[in-house]
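The values are calculated or read from the model by the stated rules, or taken from the named source; none is laboratory data. Because the structure is a prediction, the values reported are computed rather than measured. Using ideal geometry, Cβ is built from the backbone for each residue, glycine included, and neighbour counts are taken over all protein chains shown.
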Amino acid sequence: MSNSEKLHARRSAAVARGIGSTITSYVERASGGTITDVDGREWIDFAAGIAVTSVGNAAPMVVAAVREQVERFTHTCFMVAPYESYVAVCEQLNELTPGSFEKRSALFNSGAEAVENAVKIARYATGRSAVVVFDHGYHGRTNLTMALTAKVMPYKQGFGPFAPEIYRAPMSYALRDGGLDGKTAASRAIDMISSQIGAANVAAIVIEPIQGEGGFIVPAPGFLSALAEWARANGVVFIADEIQTGFCRTGDWFASEHERIEPDLITTAKGIAGGLPLAGVTGRAELMDSVHVGGLGGTYGGNPIACAAALASIDTMRAHNLAGAARRIGSVITDRLSLLAARHPEIAEVRGRGAMIAVELVEPGTINPNPTVTAAINRACHEAGLLTLTCGTYGNVFRFLPPLVMDDETLNRGLDILDSAFARVLA
């Protein structure tokens with residue numbers, strides 16, 4: 001019995017069955033773009049912990065900062081005895097996020113917690129209750145964020161009732177909406193909001209600039225800007241969920257920059273702290289400061305170790321131009337996937353930005369989702385030592401999220417494995 005098999009037996013006896021894992025190998029160490037399991041097997045990592053370890057799994061600056069902070073103190077709770085690193089992270093978020101207006105930030109533990117607090121702030125500031133989200137969106141696993149999330153299985157099945165006053169509008173999804181241009185798709189959504197909810201009742205629009213779990217859906221140009229303009233004209237808070245897209249992943253610090261939109265509030269997590277749990281809400285000062293003292297917070301929010309890791313991660317992103325690295329990685333992946341698509345009609349679309357790229361698989365000659373082939377290719381990749389992830393409302397999308405520090409040699413080795421997996425399954 002291998003070491004991973006022994007650990008898996010222990011897991012079965014100790015860990016709740018509802019916690020799933022992509023592979024059954026257990027990690028012993030990881031760095032850059034590879035993971036080594038407890039049996040010495042190396043995996044090429046196209047997942048980055050779901051867009052978390054953008055600076056690598058053991059980035060030297062992050063390791064040093066964490067070590068130094070652990071030796072000083074691990075926790076005091078910022079709400080009890082504050083410390084400088086929390087303030088410094090907020091200063092960085094205020095500087096880096098799009099928008100020339102005065103900003104404030106608050107720190108939390110997870111992406112779902114950030115989204116939940118952004119909604120709280122929007123409702124408090126506007127005095128309204130309705131929240132608009134979009135088809136295929138994913139925002140978390142708490143009760144409120146499950147209500148915001150579109151996909152039922154596995155995220156919502158059996159967990160209701162959910163929080164009220166959540167309304168879903170149609171997304172711009174070129175492959176599945178007849179190729180509507182961005183302004184037309186936005187008009188469709190705005191008409192629905194106006195007629196079925198009423199602008200005066202809407203506290204916030206919550207949207208991912210590029211949808212993550214929903215399938216790496218990139219809205220048509222003009223869609224986001226038209227929604228943001230409508231929101232501004234109607235006193236609606238525009239919340240950009242940049243939890244998966246933020247911190248250089250799409251080739252800029254934030255995906256909102258691609259369409260030159262300035263969200264009222266931005267939620268961040270995942271890539272912010274080199275693998276440590278940290279999240280934030282950043283936005284217009286008048287919105288963030290509208291909430292009464294004590295209305296925001298949490299025992300672990302902005303933990304000093306996570307803050308030290310975040311500051312070191314941001315320094316690493318700057319020092320190594322990881323936004324530029326994301327563009328380079330994305331170019332390599334897109335070129336290879338385009339060649340793959342030319343050979344396999346099952347690939348309906350190659351899409352994404354920077355190092356956030358996906359392919360959607362269909363039944364050839366149609367746009368009918370093909371989750372069976374997607375799952376088979378995913379298994380073939382895992383068998384060959386490439387850690388890949390699937391996503392999409394229909395389970396038929398491959399998403400590629402390599403660490404932004406991955407070198408070209410490792411990247412191309414991974415793409416070679418992917419190429420072979422497609423050939424093997426579709427032969």
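Any chance you could count how many residues in segment 390-411 are among the aliphatic types (A, V, I, L, M) and under 18 Å from Glu42 (Cβ atoms)? Reasoning before the result, please.
First, the residues of segment 390-411 that are among the aliphatic types (A, V, I, L, M): 397, 401, 404-406, 411.
Next cut, under 18 Å from Glu42 (Cβ atoms) only: 405-406, 411.
Counting residues in segment 390-411 that are among the aliphatic types (A, V, I, L, M) and under 18 Å from Glu42 (Cβ atoms) gives 3.
Scan Gly137, Gly179, Gly160 and give me the residue that is at pLDDT 95 or above, part of a loop (DSSP other than H, G, I, E, B) and assigned by TED's automatic domain parsing to the domain that holds Cys307. Steps first, please.
Numbers: Gly179 fails: at pLDDT 95 or above; Gly160 fails: at pLDDT 95 or above.
Just one listed residue meets the conditions, Gly137.
Among the candidates Val350, Val332, which residue alone is over 19 Å from Ala48 (Cα atoms) and either touching a Cys at 6+ places or on another chain (Cβ under 9 Å) or not hydroxyl-bearing (Ser, Thr, Tyr) (or both)?
Values: Val332 fails: over 19 Å from Ala48 (Cα atoms).
So the residue among Val350, Val332 that is over 19 Å from Ala48 (Cα atoms) and either touching a Cys at 6+ places or on another chain (Cβ under 9 Å) or not hydroxyl-bearing (Ser, Thr, Tyr) (or both) is Val350.
Evaluate the following for Gly235: is it assigned to a loop (DSSP other than H, G, I, E, B), surrounded by fewer than 23 Cβ atoms within 10 Å (Cβ to Cβ) and over 10 Å from the mean Cα position of the chain (by Cα)? Step through it out loud before you land on a result.
Numbers: assigned to a loop (DSSP other than H, G, I, E, B): yes; surrounded by fewer than 23 Cβ atoms within 10 Å (Cβ to Cβ): yes; over 10 Å from the mean Cα position of the chain (by Cα): yes.
When the stated conditions are applied, Gly235 passes them.
Check segment 67-77 and report whether any residue there is in contact (Cβ under 8 Å) with a residue 12 or more places away in the chain, touching a strand residue (DSSP E or B) at 6+ places or on another chain (Cβ under 7 Å) and not aromatic (Phe, Trp, Tyr).
No - not one qualifying residue is present in segment 67-77.
When you go through Ala306, Ala342 one by one, which is the residue that is at pLDDT 95 or above, buried (at least 24 other Cβ atoms within 10 Å of the Cβ) and either outside the structural domain of Val89 (by TED's automatic domain parsing) or not aromatic (Phe, Trp, Tyr) (or both)? Give the derivation first.
Working: Ala342 fails: buried (at least 24 other Cβ atoms within 10 Å of the Cβ).
Only one candidate qualifies: Ala306.
Of all residues being among the small types (Gly, Ala, Ser) and farther than 21 Å from Ile417 by Cβ in segment 3-44, which is surrounded by the most Cβ atoms within 10 Å (Cβ to Cβ)? Just the residue, please. Before you say what the answer is, go through the steps one by one.
From segment 3-44, those among the small types (Gly, Ala, Ser) are 4, 9, 12-14, 16, 18, 20-21, 25, 30-33, 40; that's our starting set.
So of that shortlist, the ones also farther than 21 Å from Ile417 by Cβ come out as 9, 12-14, 16, 18, 20.
Working: Ala9: 11, Ser12: 9, Ala13: 6, Ala14: 7, Ala16: 6, Gly18: 6, Gly20: 6.
Ranking the candidates gives Ala9 first.
Would you confirm whether any residue within segment 272-281 is assigned by TED's automatic domain parsing to the domain that holds Val131 and closer than 15 Å to Ala204 by Cα? Show your work before the answer.
To start, the set of residues in segment 272-281 that are assigned by TED's automatic domain parsing to the domain that holds Val131 comprises 272-281.
Of the ones still in play, those that are also closer than 15 Å to Ala204 by Cα are 281.
Yes, segment 272-281 has at least one match.
Quick one: which residue in Phe398, Phe422 is aromatic (Phe, Trp, Tyr) and in a helix (DSSP H, G or I)? Steps first, answer last, please.
Working: Phe398 fails: in a helix (DSSP H, G or I).
After ruling out the rest, the residue left standing is Phe422.
State the number of residues belonging to segment 194-219 that are crowded, with 23+ Cβ neighbours inside 10 Å and either modelled with pLDDT under 95 or over 29 Å from Arg399 (Cβ atoms) (or both).
2
Among the residues of segment 351-379, what is the count of those that are among the aliphatic types (A, V, I, L, M) and either in the same structural domain as Thr250 (by TED's automatic domain parsing) or within 18 Å of Val425 (Cβ to Cβ) (or both)? Give the steps one after another, and end with the answer.
Initially, segment 351-379 is screened for residues among the aliphatic types (A, V, I, L, M), giving 355-359, 361-362, 367, 373, 375-377.
Filter once more, so that each one left must be either in the same structural domain as Thr250 (by TED's automatic domain parsing) or within 18 Å of Val425 (Cβ to Cβ) (or both): 358-359, 361-362, 373, 375-377.
Of the residues in that region, 8 qualify.
Which residue pairs have Cβ atoms closer than 9 Å, lie 6 or more positions apart in sequence or on different chains, and pair a first residue in segment 126-147 that is surrounded by fewer than 23 Cβ atoms within 10 Å (Cβ to Cβ) with a second residue that is of a type in the set (Gly, Ala, Ser) and part of a helix (DSSP H, G or I)?
These pairs meet every condition: Arg128/Ala122; Arg128/Ala200; Arg141/Ala112; Thr142/Ala112; Leu144/Ala112; Met146/Ala112.
Run down Ile166, Ile190 and say which single residue is surrounded by 17 or more Cβ atoms within 10 Å (Cβ to Cβ) and farther than 18 Å from Leu224 by Cβ. If you could, list the steps in order and put the result at the bottom.
Details: Ile190 fails: farther than 18 Å from Leu224 by Cβ.
Just one listed residue meets the conditions, Ile166.
Quick check on my filter: what residues within segment 344-355 are free of Cβ contacts under 8 Å to residues at least 40 places away in the same chain and touching a helix residue (DSSP H, G or I) at 6+ places or on another chain (Cβ under 9 Å)?
Narrowing segment 344-355 to residues free of Cβ contacts under 8 Å to residues at least 40 places away in the same chain: 345, 347, 350.
Those that are free of Cβ contacts under 8 Å to residues at least 40 places away in the same chain and touching a helix residue (DSSP H, G or I) at 6+ places or on another chain (Cβ under 9 Å): Ile347, Val350.
Those residues that are part of a helix (DSSP H, G or I), surrounded by 18 or more Cβ atoms within 10 Å (Cβ to Cβ) and among the hydroxyl-bearing types (Ser, Thr, Tyr), I need them from segment 372-395; list them, please.
Thr374
Looking for something outside any helix (DSSP H, G or I) and surrounded by fewer than 16 Cβ atoms within 10 Å (Cβ to Cβ) - is there at least one such residue anywhere in segment 45-54? Reasoning before the result, please.
Just the residues of segment 45-54 that are outside any helix (DSSP H, G or I), to begin with: 45-47, 52-54.
From what's left, surrounded by fewer than 16 Cβ atoms within 10 Å (Cβ to Cβ): none.
No, every residue in segment 45-54 fails to be outside any helix (DSSP H, G or I) and surrounded by fewer than 16 Cβ atoms within 10 Å (Cβ to Cβ).
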